[in-house]
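Shown next, in structure tokens, is the structure this report addresses.
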Amino acid sequence: MARRRTKFVCQNCGYESAQWLGRCPQCGEFNTLVEEFEEPEISEKVTLRSEGGKPLPATQIRRRPLQRLSTGFQELDRVLGGGLVPGSVTILSGEPGIGKSTLLLQVAGVMARQNGPTLYVTGEESLEQIGLRIDRLGVEHEKLFVLAETDVTAIGSAIEELKPCLAVVDSIQAAYHPLLASSPGSVSQVRESTAYLLRIAKRIGTALFLVGHVTKEGFLAGPKVLEHMVDAVLYLEGEANYTLRLVRATKNRFGPTGEVGVFQLDEGGLSEVPNPSEWLLSQRKEPIAGTIVAAIMEGHRPLLVEVQALVAPNPFGMPRRVVTGVDIGRVLMLLAILERHLHCRFSDRDVFVNIAGGLRVTEPAIDLPIALAILSSRFDVPISRDVAAFGELGLTGEIRPVPQSDARVREAKRLGFSKCIGPSDGRGKREWLTVATIAEAGHSLGLLPQR
């Protein structure tokens with residue numbers, strides 16, 4: 001018997017090599033090449049002619065109204081652009097234990113009551129474990145079917161036989177195709193398993209949800225082509241020590257990207273947070289030095305979050321910088337701007353910055369609130385509780401405009417904030433106090449000492 005040839009495949013990007021390499025030359029990652037058997041080539045090639053291969057003028061293309069199925073969660077429907085499209089394939093990924101399986105099992109249970117049969121396929125848990133979770137979540141229904149299987153051909157047969165309105169495969173890294181010799185979770189298995197299920201979902205019109213693992217860097221595990229194959233890519237985010245969970249769309253062929261749905265995780269599963277700004281803000285009435293409310297945007301949704309800062313003396317000569325909820329590099333840049341343009345010394349002081357509620361903010365409009373919170377703590381001057389701020393801070397100390405300023409101010413006014421501070425947007429009359437520099441913003445709130 002001839003010895004089967006092997007190759008080494010990068011589990012991050014799919015690069016193939018005849019020998020093992022410590023570093024992938026294509027994506028630059030270390031220790032990602034895994035040995036796999038080469039699949040035998042098919043001796044006879046069969047060419048199939050597609051009936052839809054003839055080019056058609058755009059005016060002759062049949063246009064049908066896009067039908068959507070509600071998931072039973074308005075927050076998730078918002079992220080998907082209005083609901084699930086029949087025949088669409090969506091990947092939901094996130095850290096272990098973040099709540100991916102819980103959310104999709106709840107969706108399958110709700111859609112079973114509203115739209116008809118749904119199928120939940122588990123490759124990582126037994127039927128008994130899924131039964132306990134169904135009881136805990138309260139989603140038991142006669143039209144909710146559960147299958148414990150990892151063979152994609154058996155999963156595909158079950159989908160074709162049942163023809164559910166929704167099928168969930170948890171997870172795609174646990175599934176395997178029996179014609180491939182590589183192990184489950186490898187690049188070839190993930191790619192071919194997804195393609196096999198995708199073809200079935202498109203043909204019979206079943207909305208398909210795939211659960212995906214993430215790498216230690218937080219990206220979707222598997223080849224990059226996986227994200228190009230599917231219709232939507234969702235990420236479930238959240239801090240392990242907080243109950244807040246965010247569903248974020250990074251790709252969506254049937255709706256906008258960047259949309260965010262807000263959930264809260266508790267013993268009964270994931271529940272929607274209809275008013276996340278009010279939920280994230282502290283109920284404290286009296287002002288305290290080092291806190292301010294920031295008006296940020298998550299997708300097209302304005303949110304109000306509380307920014308907390310603590311500046312404390314450090315007698316040891318090695319000041320600490322501890323940051324939670326925002327990039328530490330951005331906070332270091334803001335400290336340098338404050339030292340350079342306001343002559344505030346931080347080299348002998350510890351600086352702690354926190355975004356309350358477990359939210360992680362990446363947009364630049366958080367710059368001005370962080371800088372004002374640091375100044376408030378540095379000089380021990382409280383900021384009024386009815387003040388909200390937003391704006392990007394430049395290296396020269398100027399406050400740069402940010403998009404959707406009106407939506408931020410409207411959200412702040414709705415929750416009772418009477419004063420908003422932000423940059424000018426180049427238009428005429430505005431509903432907020434405009435400031436051009438960080439020095440002007442600090443003086444407007446009385447945070448800087450008179451010189």
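Mind telling me which of the residues SER282, SER271 ends up being modelled with pLDDT under 90 and on the phi < 0 side of the Ramachandran plot? Don't jump to the end; show me each part of the working.
Details: SER271 fails: modelled with pLDDT under 90.
Result of the check over SER282, SER271: SER282.
Please give the number of the condition VAL121 fails out of (1) β-branched (Val, Ile, Thr); (2) modelled with pLDDT of 95 or more; (3) touching a Gly at 6+ places or on another chain (Cβ under 8 Å).
Checking VAL121 against (1) β-branched (Val, Ile, Thr); (2) modelled with pLDDT of 95 or more; (3) touching a Gly at 6+ places or on another chain (Cβ under 8 Å), the one that fails is (3).
Would you confirm whether any residue within the range 204-221 is modelled with pLDDT of 90 or more and surrounded by fewer than 21 Cβ atoms within 10 Å (Cβ to Cβ)?
yes
Inspect the range 428-450 for any residue being assigned to a helix (DSSP H, G or I), surrounded by fewer than 24 Cβ atoms within 10 Å (Cβ to Cβ), within 29 Å of the chain's Cα centre (by Cα) and touching a residue at least 24 places away in the same chain (Cβ under 8 Å) and give the result as yes or no.
no
Please count how many residues of the range 174-206 are more than 17 Å from PHE37 (Cβ to Cβ) and outside any loop (DSSP other than H, G, I, E, B).
11
Which residues, taken from the range 134-150, are charged (D, E, K, R) and under 19 Å from HIS213 (Cβ atoms)? Before you say what the answer is, go through the steps one by one.
To start, the set of residues in the range 134-150 that are charged (D, E, K, R) comprises 135-136, 140, 142-143, 149.
The answer is GLU149, and nothing else.
Checking LEU147 against (1) of a type in the set (A, V, I, L, M, F, W, C); (2) closer than 21 Å to GLN189 by Cα; (3) in contact (Cβ under 8 Å) with a residue 40 or more places away in the chain, which single condition isn't satisfied?
(3)
Suppose we filter ALA294, ALA312 for residues that are assigned to a strand (DSSP E or B), crowded, with 18+ Cβ neighbours inside 10 Å and of a type in the set (A, V, I, L, M, F, W, C); which single one remains?
From the options ALA294, ALA312, the qualifying one is ALA294.
If we keep just the residues of the range 378-401 that are part of a loop (DSSP other than H, G, I, E, B) and charged (D, E, K, R), which is nearest to ALA412 (Cα to Cα)?
Result: ASP386.
Determine which single condition THR71 fails, assuming it passes every other condition in (1) in a loop (DSSP other than H, G, I, E, B); (2) closer than 30 Å to PRO178 by Cβ; (3) at pLDDT 90 or above.
(2)
Hey, ARG136 hits all of (1) closer than 22 Å to GLY268 by Cα; (2) buried (at least 17 other Cβ atoms within 10 Å of the Cβ); (3) among the basic types (Lys, Arg) but one; which does it fall short on?
ARG136 satisfies all of (1) closer than 22 Å to GLY268 by Cα; (2) buried (at least 17 other Cβ atoms within 10 Å of the Cβ); (3) among the basic types (Lys, Arg) except (2).
Give all pairs with beta carbons closer than 9 Å in which a residue from the range 264-276 that is farther than 17 Å from VAL79 by Cβ and free of Cβ contacts under 8 Å to residues at least 60 places away in the same chain meets a residue that is part of a loop (DSSP other than H, G, I, E, B) and of a type in the set (Ser, Thr, Tyr); count only pairs at least 6 apart in sequence or on separate chains.
Within 9 Å, the pairs are ASP266/THR243.
Here are some residues: VAL322, VAL351. Which one is among the aliphatic types (A, V, I, L, M) and either more than 30 Å from the chain's Cα centre (by Cα) or buried (at least 17 other Cβ atoms within 10 Å of the Cβ) (or both)?
None of the others qualify; the one that does is VAL351.
Condition first: closer than 18 Å to SER70 by Cβ and β-branched (Val, Ile, Thr). Now tell me which residues in the range 113-132 satisfy that.
THR118
Which of the residues that make up the range 144-173 are under 26 Å from the mean Cα position of the chain (by Cα) and either surrounded by fewer than 22 Cβ atoms within 10 Å (Cβ to Cβ) or assigned to a loop (DSSP other than H, G, I, E, B) (or both)?
CYS165, SER171, ILE172, GLN173
The values are calculated or read from the model by the stated rules, or taken from the named source; none is laboratory data. Model, not experiment: these values are computed from the prediction. Because the Cβ atoms are built from the backbone with ideal geometry, glycine has one as well, and the counts that use them run over all protein chains shown.
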